[in-house]
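S.K.: Have a look at this one before I ask anything.
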């Protein structure tokens, strides 16, 4: 399997991929990703060079966003002073479920963050999706805290504020990494 940087022409595939994941999550009884993700916001992250895709032959097997930018209101100033990269929108196709593809992608992200001299790989997960939280704990992340107030979008309760982190490290993730090196790994 090969990891590549997403391109603007991949937008329809990634939106369909997200819709598939949302339907699966809904069938599991969670409200995560219930609202469609805005195409313009996804396109902006693609154009920023932070969206990556895992290809298995001609199919997209998984996607991950890896960015040096934290969502406003989640991490403290002290935490933000520590070099970190942030994982968002990790999604594995149902056709590739059960193969530890998500775990390998987290290892890839941690390896990439390590090569960028980041200390931490951080993420925020859905506050009500306890199965997802247990998954991340099983992947070596430590729960930092849960932020429930101050949604950057609508000022109401935050839905994705379960914060976790793990130290970065080099790993043998097993992917062919076809993504270019991050031009700017960490914010200045």
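The values are calculated or read from the model by the stated rules, or taken from the named source; none is laboratory data. Small disclaimer: the values here were computed from a predicted structure and weren't measured. Glycine gets a Cβ as well: all are built from the backbone with ideal geometry, and neighbour counts include every protein chain shown.
S.K.: Could you list all residues from region 171-188 that are closer than 24 Å to residue 143 by Cβ and at pLDDT 90 or above?
M.R.: Matches in region 171-188: 171, 173.
S.K.: Please find, within region 119-154, the residue that is nearest to residue 175 (Cα to Cα) out of those that are within 16 Å of the chain's Cα centre (by Cα) and assigned to a loop (DSSP other than H, G, I, E, B).
M.R.: It comes out as 139.
S.K.: How many residues, within region 89-105, are buried (at least 18 other Cβ atoms within 10 Å of the Cβ) and farther than 15 Å from residue 179 by Cα?
M.R.: Result for region 89-105: 8.
S.K.: Condition (residue is free of Cβ contacts under 8 Å to residues at least 60 places away in the same chain, under 23 Å from residue 6 (Cα atoms) and in contact with a helix residue (DSSP H, G or I) (Cβ under 7 Å, 6 or more places away or on another chain)) applied to region 73-86: is it met by at least one residue?
M.R.: no
S.K.: Next up: Do any strands (runs of 3 or more DSSP E) entirely within region 1-108 hold 3 or more residues that are closer than 23 Å to residue 134 by Cα and modelled with pLDDT of 90 or more, and if so, which?
M.R.: 59-67, 84-92
S.K.: Return only the number of the condition from (1) closer than 20 Å to residue 138 by Cβ; (2) in contact with a strand residue (DSSP E or B) (Cβ under 8 Å, 6 or more places away or on another chain) that residue 107 does not satisfy.
M.R.: Going through the list (1) closer than 20 Å to residue 138 by Cβ; (2) in contact with a strand residue (DSSP E or B) (Cβ under 8 Å, 6 or more places away or on another chain), residue 107 breaks only (2).
S.K.: Looking at 15, 5, 80, can you tell me which residue is surrounded by fewer than 18 Cβ atoms within 10 Å (Cβ to Cβ) and closer than 21 Å to residue 177 by Cβ?
M.R.: 5
S.K.: Right, here's the next one. Restricting to region 155-170, and then to whatever is modelled with pLDDT of 90 or more and in a loop (DSSP other than H, G, I, E, B), can you tell me which residue is nearest to residue 124 (Cα to Cα)?
M.R.: Filtering first and then ranking leaves 168.
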